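All remarks here apply to the structure that follows.
The values are calculated or read from the model by the stated rules, or taken from the named source; none is laboratory data. Keep in mind that this is a model prediction, so the values were computed, not measured. Virtual Cβ from ideal backbone geometry, glycine too; neighbours counted across all protein chains shown. What goes into the accessible areas is simple: the full protein's heavy atoms, side chains included, and nothing from ligands, DNA or RNA. Shrake-Rupley method; radii C 1.70, N 1.55, O 1.52, S 1.80 Å.
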Amino acid sequence: MVDRAENLTKVSMAVIMAAIIALSAQLSFKIGPVPYTMQNFAIMLSGFLLGPYYGAMAVIIYLGMIAVGLPLGAGGGGPGVLMGYTAGYLFGFVFSASLAGIFGRKFGDRPVILWISTFVAALPTYLLGFAVFYRFALGSAGLSDWALSAVERFGIPAISFPFVIFAATVLIYIPQDMLIDHLLAVVVFRYVRDLMIQRGVRL
């Protein structure tokens, strides 16, 4: 009975975190096809709070809501969003939340190490985001031109086409992710975790 209650609590929390992920997608500003959002904050927090399994479940619930047409992604809703040039980031979130869950369990009492580990946790999102966007950019002058203008705006040399796409879809986002989203996730996680412990809630 206790295990069932704990599982119910975790599923309920996964639903809540899915809603927070959806909200964080709306906290964005667009610099082009790939917007800055606060989603990495919610993804990391989901993993920290819920662990690798239920943290990933929160993302899957979120993706399911997008799939049925709810406009909860930074690019709206519907199956097309999950098959578009930013789909790699969305599916990468599943793996990133799971890794954050592993690191949260391992380094939860070591905030600096936990924060550093978020870079590793974010790698699936970065790599899948780049790979999918790169595939689309190969056949799209608009996406390619945007990527080139983005790296020029940030003063990054256009060494090669793959590097331009990687810089435009990954490198320019890392400072915000690490210094705002991930850092905030660590702070909020420790606060919420301690609050839940005080109230006798186990996750």
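Brief remarks on what is shown
- Under Karplus coefficients 6.51, -1.76 and 1.60, residue-wise ³J(HN,Hα) of the stretch 133-141 in Hz, glycine/proline x: 4, 4, 4, 6, 5, 4, x, 9, 5
- Distant-in-sequence amide H partners of LEU27 (H built 1.01 Å from N, under 5 Å): MET38
- Ranked packing of 187-193, 146-152, most packed first, by mean Cβ within 10 Å: 146-152, 187-193
- Rounded to the nearest Hz, the phi-derived 3J(HN,Hα) couplings of the stretch 170-184 under the Karplus curve 6.51 cos²θ - 1.76 cosθ + 1.60 (θ = phi - 60°) are 10, 4, 6, 9, 4, x, 5, 4, 6, 8, 10, 4, 6, 5, 5, where x marks glycine and proline.
- Shown in residue order for the stretch 115-121 are the 3J(HN,Hα) couplings computed by the Karplus curve 6.51 cos²θ - 1.76 cosθ + 1.60 at θ = phi - 60°: 4, 4, 5, 5, 5, 5, 4 Hz (x for Gly and Pro).
- Whole-angstrom gap from the stretch 94-168 to the stretch 20-42, using each part's C-alpha centre: 14 Å
- Listed residues TYR126, VAL34, GLY155: farthest to the positive end of the dipole of the stretch 1-199 (Cβ charges): TYR126
- Against the criterion of solvent-accessible heavy-atom surface with a 1.4 angstrom probe, ILE66, ILE20, ILE159 sort, most first, into ILE159, ILE20, ILE66.
- Considering only ALA22, MET83, GLY47, the residue lying farthest towards the positive end of the dipole of the chain is GLY47, judged by Cα position with unit charges set on Cβ.
- Judged by the mean number of other Cβ atoms found within 10 Å, the most tightly packed of the peptides 164-175, 8-19 leads the ranking 164-175, 8-19.
- Surface accessible to a 1.4 Å probe, SER160 within the full protein complex, Å²: 50 Å²
- Average accessible surface area per residue within the chain, 1.4 Å rolling probe, Å²: 48 Å²
- Student exercise, the chain dipole from Lys, Arg, Asp, Glu Cβ charges, in Debye to nearest 20: 420 debye
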